[in-house]
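*Asks:* Shown below is the structure under consideration.
Since every read-out is calculated from the coordinates, none of them should be taken as a lab result. Since the model is a prediction, treat every value here as computed from it, not as a measurement. With ideal geometry, Cβ positions are generated from the backbone for all residues, glycine too; neighbour counts draw on all protein chains shown.
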């Protein structure tokens, strides 16, 4: 590992890697493609940040205007910002230039950063595609491509943008895919885009987060607010994230909690970036004790000390349940997740239980009859993404093959027809 990266980790008293880090960092440093699956809060960001910084430190690629060396895609602004903070922390002793590109803010500062040349570009797909179409960024020089929370990207409908972005990448690159779940559609995508990849699955995709007490309470829709008030009044409830299905629902619930004297803030996709950051900071500093969020925030909230997660509305996609409850019980702490389920949401509950391969404990078993006559949920078909078209690559001495020929020569591996084993 590059000495300055090692020094930064020592500064932060990093003594032992997490399982995903221990299994990912060595092959990633060796230049291999990675398909990594691990639950939230297990250190995935360091698992790809450390190999990237190691490469930048050893190879010192030249900066070229509008052409980043590394591209990291994240589904939300909050997650992009957190990744940027991690790179600043791990690379504190290095002269690594990074840029954050996401919507909700003016683009001029982002355009200027790209014009000066960056080592690491961390972006959300929508804004990145906008800047590509305007000619402000050229992905032809990307040597390392990271797709973080890959399944969430597809769940949020990012595939059309992803397809265009991937088509603009050189075929000769190292690709690192990470997610908390690996649904079949993600494995199919990985099989098309990764080559001779190391598949790392430190947590079975069908299991939910360990260390989190998970219960469900059967309620009438009209009783959800009163039930939430009761949960928030329980002993040990200090910092709670409440998930709703819609943005309107998040705003309405926040106003209701405020009227009840419960300090709350809302975060969702219609909020400006400044408003979202203010809400997160107020929650982090406990000026508000309840954060009401939609699923867009499930992957972007990384705040220690969240004692409870409440699913005010059951998630439509069962995988979202895993990501929602993963906001608590982080860094080895215990957490509690409570889900409110109406008779109309019973199919969603059954889909979740099938995914995590366990029954959630009923807090009010006397209401079990409300769930007993549920019809089988209609299977939700997942759209099958098409393969991104061929993209151009460039011949450059700054490529990583000079030091890691066997690990990164993607052209040769593509010629041989090698594919990822997943």
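*Asks:* At a Förster radius of 51 Å, what calculated FRET efficiency corresponds to the Cβ-Cβ distance of residue 229 and residue 354, to the nearest 0.05?
*Replies:* So the FRET efficiency works out to roughly 0.95.
*Asks:* Compute the FRET efficiency between residue 112 and residue 363 as 1/(1 + (r/R0)^6), taking r as their Cβ-Cβ distance and R0 = 45 Å, and round to the nearest 0.05.
*Replies:* Efficiency, from the Cβ-Cβ distance: 0.25.
*Asks:* Share of antiparallel DSSP beta bridges in the stretch 19-138, in percent to the nearest 5?
*Replies:* Among the beta bridges of the stretch 19-138, antiparallel pairing accounts for roughly 10 percent.
*Asks:* Follow-up question, since we're still on this one. Starting from the alpha-carbon convex hull of the stretch 48-151, give the projected area averaged over all orientations, in nm².
*Replies:* Projected area, direction-averaged: 6.1 nm².
*Asks:* Right, something else. Taking R0 as 22 Å, what FRET efficiency do you get between residue 347 and residue 248 from their Cβ-Cβ distance, rounded to the nearest 0.05?
*Replies:* After rounding, the FRET efficiency stands at 0.45.
*Asks:* Taking the alpha-carbon set of the stretch 1-101, what are its Rg and Dmax in Å?
*Replies:* Looking at the stretch 1-101, its Cα Rg and Dmax stand at 13.3, 38 Å.
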